[in-house]
Amino acid sequence: MDQRRLRLGLVGIGKIVRDQHLAAIAQSGQFDLVATAAPEGHVEGAAAYSSIEAMLAHETLDAVSICTPPGVRAPIAIVALRAGLAVMVEKPPTATLSQAEHLARLAASGGQTLFSAWHSRETAPVDAVRAMLTDRRIEAIEVIWHEDVREWHPGQDWLLAAGGFGVFDPAINALSILTKVLPGHLAVQSAALGVPENRGAPIRADVMMHFDGSVPVRLDLNMRHAGTARWDIIIATDRGTIELGRGGHRWSVDGEVMPVEQGQEYPRLYRRFAELVDTGRSDFDIGPLMLVADAMMVGHTTREAAFHF
Ligand code: NAP
């Protein structure tokens, strides 16, 4: 039987909505974008409101996709869940763990769909790497997540403010991949966090974790990186090295580059959201968020030179 089309509202109309969400929604065939809620942004063909409260006062919706910065996301999700809607949240799902737990409880008690949209998990090689790791012994893991914040997040002061995740905003994508592909447990051991003297969140971090109790996992994270970005995960195993490059858009096994279908992350997210709504289920995994929270909890912070966009 065909799925019914869902009347969707978008909350927060910024870079990621324009880069990815609008095209994915348009091609989904499962959602009608009815309205938007954002202080300023709007989308042609959809009614524009300045807040979720105003949007819900005028529109009948089935679902919302919340694409604001994480700091304001939980209160918006609470309004949507209390209004009986299905809710998809951009990553990171919330700014704190207690907010995440609250949302999960609200959704469960209302029998509503709540979906944490870990887009990097939707890259093509993730399932293949997960399958490949089930019968190999992992010896070491290295994550290199280097990018220029001026290029990838121009003017986004929220990202470097306290609660904005800083370098963990992009690096949580690596953790979303690792927590999906690894057949075991990741635990944070230590973290060195470099916070610019005029900002509240780390712009650099060096994090040590263990996989399954003893396998070393090192994360070298830097948003103050001039030059070509690197979003690489290197997994050394007893039967060779698996590399996930470009945030999962490229992968190789022992240097042999494997084929990858590109551009499917956000279409897959919206297909999954529709499927969850249709079957009355939630998918709200906060594993990557817990690891970031742990790194912040055990992290040793040093102040570094001021950063200006
Ligand atoms: P952005 O460009 O700063 O956009 C955020 C949008 O949210 C802006 O339109 C902002 O409006 C709006 N907003 C702020 N407070 C709001 C509120 N209370 N109600 C409604 N709208 C509100 O940020 P972004 O890059 O799109 O990132 C948004 C989220 O997506 C982040 O969690 C990020 O991690 C995630 N994400 C980003 C990327 C990327 O490449 N940028 C990729 C994947 C995921 P004003 O500008 O008027 O304040």
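The values are calculated or read from the model by the stated rules, or taken from the named source; none is laboratory data. Here the structure is a predicted model, which is why all the values come from computation and not from measurement. Cβ atoms come from the backbone with ideal geometry, glycine included; neighbour counts cover every protein chain shown. Keep in mind that these areas ignore ligands, DNA and RNA; they rest on the heavy atoms of the full protein, side chains included. Shrake-Rupley method; radii C 1.70, N 1.55, O 1.52, S 1.80 Å.
By a 1.4 Å probe calculation restricted to protein chains, HIS42 has an accessible surface near 110 Å², given to the nearest 10. If the viscosity is 0.890 mPa s and the temperature 25 °C, what translational diffusion coefficient in µm²/s does Stokes-Einstein give for the range 1-66 when Rh comes from Kirkwood over Cα pairs? Diffusion coefficient, whole number: 206 µm²/s.
Taken about its Cα centre, the range 6-117 carries a charge dipole of roughly 260 debye when the Cβ of each Lys and Arg holds +1 and the Cβ of each Asp and Glu holds -1.
With θ taken as phi - 60° and the Karplus curve 6.51 cos²θ - 1.76 cosθ + 1.60 applied, the whole-hertz 3J(HN,Hα) list for the range 190-204 is 7, 8, 10, 10, x, 10, x, 4, 9, 10, x, 10, x, 9, 9 Hz, x standing for glycine and proline. P(r) tail for the range 119-223: Cα pairs beyond 17 Å make up 56% of the total. Among ASN198, ASN173, ASN222, whose mean-square fluctuation peaks in a Gaussian network model of the chain (Cα, cutoff 10 Å)? Highest fluctuation among the options: ASN198.
Here the Karplus curve 6.51 cos²θ - 1.76 cosθ + 1.60, taken at θ = phi - 60°, turns the phi angles of the range 28-33 into couplings of 5, x, 10, 10, 10, 6 Hz, with x standing for Gly and Pro. Put simply, the amide H of ASP283, placed in the peptide plane, has neighbours under 5 Å in LEU114, PHE115, SER116, leaving out anything fewer than 5 places away on its chain.
Each of LEU175, PHE284, HIS58 was placed along the dipole of the chain (beta-carbon charges, centred on the mean Cα), and the one lying farthest toward the positive end is HIS58. Restricting the calculation to alpha carbons of the range 179-309 gives Rg and Dmax of 17.8, 51 angstrom.
Qualifying trypsin sites (Lys or Arg not before Pro) in the range 1-107, where qualification requires a DSSP coil assignment and no more than 14 other C-beta atoms within 10 Å, comprise ARG4, ARG5.
Between GLN264 and ARG82, the contour length at 0.36 nm per residue exceeds the alpha carbon distance by 62.4 nm.
Can you tell me the length gained on complete extension of the stretch ARG281 to GLU101, counting 0.36 nm per residue apart and subtracting the Cα distance? It would help to have the intermediate numbers written out before the result.
Numbers: separation 180, 0.36 × 180 = 64.80 nm, distance 1.66 nm.
63.1 nm is the gain from fully extending ARG281 to GLU101.
For the chain, the C-alpha radius of gyration sits at 1.00 times the compact-globule guess of 2.2 N^0.38 Å, with N the residue count. Given q = 0.17, 0.19 Å⁻¹, what are the Debye log10 I(q)/I(0) values for the range 6-117, with equal point scatterers placed on the Cα positions and solvent ignored? Each listed q corresponds, in turn, to -0.73, -0.93. Amide H to amide H, with H built 1.01 Å from N, GLU304 comes under 5 Å of VAL195, GLU197, counting only residues 5 or more places away or on other chains.
The GNM of the chain, with springs linking C-alpha atoms under 10 angstrom apart, assigns the highest mean-square fluctuation among THR96, THR179, THR279 to THR279.
In this structure, the amide hydrogen of THR237, modeled 1.01 Å from its nitrogen in the peptide plane, lies closer than 5 angstrom to those of GLU139, ILE242, counting only residues at least 5 positions away or on a different chain.
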